[in-house]
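Structure, as structure tokens:
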Amino acid sequence: MFVRALSLRDFRSWDALGLELRPGCTVFVGPNGHGKTNVLEALGYLSTLSSHRVSSDAPLIRSGTGQAFAGATVVNTGRELTVDLELNEGKSNRARINQSPTRRPREILGILQTVLFAPEDLSLVRGDPGDRRRYLDELLTSRIPRMAAVRADYDRVLRQRSALLKTAGGALRRTSRGGGRPSEDGASALATLEVWDGHLAAHGAQLLAGRLDLVHDLAPHLAESYQSLAPESRPASIRYRSSLGSSLPPEFTEPARVPEAGDIAFLEERFLHELSVMRSKEIERGVCLVGPHRDDLELQLGDTPAKGFASHGESWSFALSLRLAGFALLRSDGSDPVLMLDDVFAELDRRRRRALAKVALDAEQVLITAAVPEDVPEELDAVRFGVEAHDTDRGRISRIVEETEDRRDG
Ligand SMILES: Nc1ncnc2c1ncn2[C@@H]1O[C@H](COP(=O)(O)OP(=O)(O)O)[C@@H](O)[C@H]1O
Ligand SMILES: [Mg+2]
């Protein structure tokens with residue numbers, strides 16, 4: 001697929017941007033801090049409904065305005081769809097598909113598929129499990145949009161169950177320690193907890209099954225991408241680590257295991273079992289200790305964990321491989337996602353630049369940002385837009401200042 005048109009209003013530093021884009025490579029060049037990443041961030045937001053840089057929407061709305069707008073026209077195997085989003089300060093966001101309002105913004109998921117590789121991605125290797133869960137869930141919802149609803153249901157139940165563990169902690173502790181007859185409020189809190197256990201296990205099993213399938217499909221692409229970026233290094237591998245612990249048969253986290261019908265029901269039963277095993281610990285600590293929100297994606301180089309052991313170069317290669325594996329996987333599902341490379345070539349050595357350029361040349365559309373044109377491999381420097389921020393009476397605003405010919409056609 002490719003983005004044919006992009007328009008922004010009051011998104012970050014852009015007060016108004018209207019761009020026609022083409023398949024192939026487009027490069028955004030300009031000094032640091034002038035608004036290049038903001039463009040990719042907007043497309044990333046239309047694709048995942050989240051920013052790779054901030055966890056709330058407020059910073060995306062241009063300072064002094066209360067509303068941001070981002071819209072894209074996406075061409076996928078000849079079929080055109082326009083998605084747009086309104087980000088509202090202090091109000092819920094609104095989305096439209098071909099001008100028709102959707103009931104929920106998440107209905108636009110899957111229309112624009114993007115894979116963004118950015119300097120922040122080093123945290124996939126070095127950061128907390130939450131960064132890797134986010135990587136998995138974004139890829140999962142990009143691939144299977146209905147998983148966004150599963151994820152939202154799971155998060156809602158998790159919040160409610162966590163709140164119960166906190167508020168009813170005292171009563172639950174007295175009941176779970178036994179020692180006499182449970183008090184009335186203790187017994188009722190326990191009954192409520194059991195209801196939430198059921199919901200948590202039902203939604204959690206679906207999310208877990210989705211992630212396990214994803215890791216199963218992703219693992220070979222990851223090994224291959226890493227091998228092509230760093231052939232001299234030890235082989236890279238990934239494995240899902242579940243908080244279900246020994247309740248989950250080990251073959252489930254074998255990347256080679258092919259998922260079977262009945263997995264979700266089985267996982268739900270195992271989930272409930274692990275909740276019963278962990279019950280007194282959860283009550284004691286007042287937090288949910290079991291579920292996909294506690295899981296991790298383990299990254300290995302040879303037989304050592306990448307986190308804490310990988311060199312800087314290896315960590316970069318691993319992070320990039322995770323993105324390229326996602327790209328290869330979405331592509332194997334049937335259509336090329338838009339590849340976005342944010343300021344990354346300057347970080348890479350010659351061999352990795354070449355390997356990345358090879359993937360990029362093969363993609364249907366690639367959007368690249370760089371501080372100077374020299375950072376971009378020659379063969380990718382096709383259409384170039386200059387980006388510069390200007391001080392105006394409405395604040396510092398980004399502008400496209402030049403546009404060069406498409407050098408491949410010309
Ligand atoms: N909400 C906002 N309102 C106005 N300007 C913003 C907002 N968020 C970020 N900016 C500005 O955007 C610029 C950074 O843009 P960015 O795309 O990250 O730059 P780069 O070209 O280095 O990729 C900074 O000048 C910052 O002040
Ligand atoms: Mg940037």
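Coordinate-derived values only; no laboratory data. Computed from a predicted model, the values in this text were never measured in an experiment. Neighbour counts are summed over all protein chains in view; Cβ atoms, including those assigned to glycine, are modelled from backbone coordinates with ideal geometry.
Observations, loosely collected:
- Looking at the chain, the DSSP beta bridges with both ends there are about 70 percent antiparallel.
- Taking Cα atoms only, the orientation of helix 129-143 departs from the longest principal axis of the chain by about 70 degrees.
- Helix 36-48 and the long axis of the chain differ in direction by around 40°, with both axes built from C-alpha atoms.
- Those residues of segment 192-234 whose amide nitrogen sits under 12 Å from the label point placed on Thr304, 7 Å along Cα→Cβ: 234
- 14 Å Cα-Cα reach of Lys307 towards aspartates and glutamates, excluding residues that sit fewer than 8 places from it in its own chain: Asp121, Asp128, Asp131, Asp296, Glu298
- Extension reserve of the His273-Glu379 stretch, reckoned as 0.36 nm per residue once the Cα distance is removed: 32.6 nm
- Exposure proxy shown here: for Glu314, Glu284, the number of other Cβ atoms within 10 Å sets the order, fewest to most, as Glu284, Glu314.
- Counting only DSSP H runs of at least 4 residues, each contributing -39500 (n - 2.57), and dividing by the residue count of the chain, the helix-based mean residue ellipticity at 222 nm comes to -14000 deg cm²/dmol.
- Length-normalised contact order for segment 122-334 - Cα pairs under 8 Å, 6+ apart - percent: 31 percent
- For segment 1-124, the square roots a ≥ b ≥ c of the C-alpha gyration tensor eigenvalues yield an a/c under 1.5, which makes the shape rounded.
- Hz values of 3J(HN,Hα) by residue in segment 223-233 - Karplus curve (6.51, -1.76, 1.60), Gly and Pro given as x: 4, 5, 4, 5, 4, 6, 7, 9, x, 7, 8
- Dipole of the chain computed with +1 at Lys/Arg Cβ and -1 at Asp/Glu Cβ about the Cα centre; of Ser51, Val195, Ala357, farthest Cα towards the positive end is Val195.
- Average projection area in nm² (convex hull over Cα atoms of the chain, one quarter of hull surface): 22.4 nm²
- Residue with peak Gaussian network fluctuation, the chain [Cα springs, cutoff 10 Å], from Asp155, Asp375, Asp303: Asp303
- Anisotropy class assigned to segment 105-167 is oblate, per the alpha carbon gyration tensor with a/c at or over the 1.5 cut-off and a/b no larger than b/c.
- Candidate lysines - alpha carbon under 20 Å from Lys281, same-chain residues fewer than 8 apart omitted: Lys166
- Rounded to 5, the percent of DSSP beta bridges in segment 334-409 classed as antiparallel: 65 percent
- When only Cα pairs below 8 angstrom with a gap of at least 6 residues are kept, the chain shows a relative contact order of 24 percent.
- Inter-label distance, nm, simple model (7 Å from Cα along the C-beta direction), Ser332/Asp263: 1.4 nm
- Nearby lysines by direct alpha-carbon distance to Lys36 (threshold 28 angstrom, same-chain neighbours under 8 apart not counted): Lys91, Lys358
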